[in-house]
Amino acid sequence: MAVVGPLSRVARLGRNICRNHRLIFNKIPQQRGIASCIDPSYGLTDEQKEFQKVAFDFAANEMAPHMAEWDQKETFPVETMRKAAQLGFGGIYVRPDVGGSGLSRLDTSIIFEALSTGCVSTTAYISIHNMCAWMIDTFGDNDQREKFCPDLCSMEKFASYCLTEPGSGSDAASLLTSAQKKGDHYILNGSKAFISGGGDTDVYVVMCRTGGKGPKGISCLAVEKGTPGLSFGKKEKKVGWNSQPTRAVIFEDCAVPAANRLGEEGQGFSIAMKGLNGGRINIASCSLGAAHASVLLARDHLLVRKQFGETLANSQFLQFKLAEMATKLVASRLLVRAAAAALQENRPDAVTLCSMAKLFVTDECFNICNQALQMHGGYGYLKDYAVQQFVRDIRVHQILEGTNEVMRMIISRNLLTES
């Protein structure tokens with residue numbers, strides 16, 4: 001396993017979790033056994049299994065009971081996320097000296113997969129928040145790290161990632177939001193679209209144009225809520241991801257201190273893409289959690305639902321479908337974990353593997369969830385059954401963090417340009 005720091009950091013997180021939450025552990029009922037062929041703990045170290053269990057238990061006890069309500073009422077579950085942060089999940093791969101857990105990309109994937117079994121939408125936001133905290137930790141100077149990261153890791157403050165614009169989605173390098181340097185401030189003008197947490201979060205990691213056309217003219221600024229000239233559009237009505245608000249973020253002569261620039265001028269696009277490489281693994285991991293939960297829901301339904309005088313589990317057609325779902329789930333998990341290891345090690349194939357993982361896993365896991373809904377018949381279409389929410393929540397994973405069409409472009413470009 002590749003890790004950011006010594007393995008003792010992983011063990012220390014596990015020990016702290018167990019010490020602080022021993023009373024909670026004693027009250028947690030044993031979950032029904034997971035079929036051995038899809039057990040997500042296989043191949044993990046003891047420390048990884050420890051915090052995976054904590055994440056699964058948190059998902060089962062703090063998230064799953066509220067998943068449908070958060071979806072229906074469009075609740076942003078701030079206090080629940082702060083409880084997750086107490087377990088170290090607010091800055092999973094942020095360095096410990098500013099409050100992070102200092103874990104690896106593989107560790108992070110394991111945690112997000114487990115949390116997503118309780119609520120995909122909430123976990124997906126936590127993954128975006130983690131990405132923003134990592135960007136500040138990695139590309140910020142010491143003053144910026146000390147200013148922003150502790151509150152982000154504790155989730156006393158929340159972060160949003162601002163790249164997409166109304167006119168630049170997949171073509172991110174064509175963004176138009178401008179930042180003109182005036183004295184010791186940048187004056188921002190423009191708008192960002194589809195921003196997770198927009199309006200409810202505290203720190204906005206914004207990609208903006210400080211130079212000429214193309215990627216080299218883009219810089220990265222951390223914009224704080226309450227800055228004059230910063231405003232928000234209406235809350236969007238979405239098919240899924242309803243436990244996190246989505247709004248346009250608008251800048252009108254918004255004066256941001258130059259001290260809030262992350263990295264150098266012109267480095268913003270590189271920062272954005274490096275953030276997205278990890279973000280693609282994170283969102284694929286969220287899809288894994290939904291698919292894992294859906295396979296178990298489908299299995300349980302087949303075992304109890306009777307038609308034509310026998311349980312659906314006796315139908316060879318459905319047995320074969322379930323086998324295909326399980327196989328695609330495990331294949332997806334292996335690809336995500338391979339990509340996470342490559343990114344951690346900064347291998348030459350990391351970007352392509354992250355794109356492959358995002359493409360394959362979000363497509364296949366959506367198909368798994370959709371097949372699980374089909375196996376439920378009419379019940380699967382009712383909001384009383386969790387499987388429909390998993391379908392709705394992970395559909396967008398094929399679109400965001402770079403559409404799956406863009407992932408195909410990245411992969412094919414790598415194949416066709418290699419010598």
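Residues that are hydrophobic (A, V, I, L, M, F, W, C): which strands (runs of 3 or more DSSP E) entirely in the range 192-240 hold 3 or more of them?
203-209, 218-224
Residue check: is Glu236 in contact with a Gly (Cβ under 8 Å, 6 or more places away or on another chain) and open to solvent by 50 Å² or more (accessible area, probe 1.4 Å)?
Numbers: in contact with a Gly (Cβ under 8 Å, 6 or more places away or on another chain): no; open to solvent by 50 Å² or more (accessible area, probe 1.4 Å): yes.
No: the conditions fail for Glu236.
Kindly establish whether Arg337 is at pLDDT 95 or above, open to solvent by 60 Å² or more (accessible area, probe 1.4 Å) and assigned to a helix (DSSP H, G or I). No: the conditions fail for Arg337. Residues in the range 369-416 that are among the polar types (S, T, N, Q) and either open to solvent by 100 Å² or more (accessible area, probe 1.4 Å) or touching a residue at least 60 places away in the same chain (Cβ under 8 Å) (or both): Gln371, Gln374, Gln389, Thr403, Asn414.
Pick out the one residue from Gly289, Gly266 that is at positive phi and either assigned to a helix (DSSP H, G or I) or touching a Gly at 6+ places or on another chain (Cβ under 8 Å) (or both).
Numbers: Gly289 fails: at positive phi.
Of the residues listed, the single one that is at positive phi and either assigned to a helix (DSSP H, G or I) or touching a Gly at 6+ places or on another chain (Cβ under 8 Å) (or both) is Gly266.
Taking the range 146-194 as the range and being open to solvent by less than 20 Å² (accessible area, probe 1.4 Å), free of Cβ contacts under 8 Å to residues at least 40 places away in the same chain and either under 22 Å from Lys225 (Cβ atoms) or in the same structural domain as Asn130 (by the TED database) (or both) as the test, only Glu165 passes. Tallying residues that are over 18 Å from His129 (Cα atoms) and of a type outside the set (Lys, Arg) within the range 59-87 yields 13. In the range 278-301, is there at least one residue being in contact (Cβ under 8 Å) with a residue 12 or more places away in the chain, open to solvent by 30 Å² or more (accessible area, probe 1.4 Å) and either of a type in the set (Lys, Arg) or not assigned by the TED database to the domain that holds Glu401 (or both)? Yes, because at least one residue in the range 278-301 is in contact (Cβ under 8 Å) with a residue 12 or more places away in the chain, open to solvent by 30 Å² or more (accessible area, probe 1.4 Å) and either of a type in the set (Lys, Arg) or not assigned by the TED database to the domain that holds Glu401 (or both). For the range 35-89, residues that are over 20 Å from Asp107 (Cα atoms), in contact with a Lys or Arg (Cβ under 9 Å, 6 or more places away or on another chain) and outside any loop (DSSP other than H, G, I, E, B) total 5.
Among the residues in the range 124-131, are any touching a Pro at 6+ places or on another chain (Cβ under 8 Å), assigned to a helix (DSSP H, G or I) and not assigned by the TED database to the domain that holds Ala290? No; the residues of the range 124-131 include none that is touching a Pro at 6+ places or on another chain (Cβ under 8 Å), assigned to a helix (DSSP H, G or I) and not assigned by the TED database to the domain that holds Ala290.
The values are calculated or read from the model by the stated rules, or taken from the named source; none is laboratory data. Since we're looking at a predicted model, the values are computed, not measured. Virtual Cβ from ideal backbone geometry, glycine too; neighbours counted across all protein chains shown. Areas reflect the complete protein model, heavy atoms only, side chains present, ligands, DNA and RNA absent. Shrake-Rupley method; radii C 1.70, N 1.55, O 1.52, S 1.80 Å.
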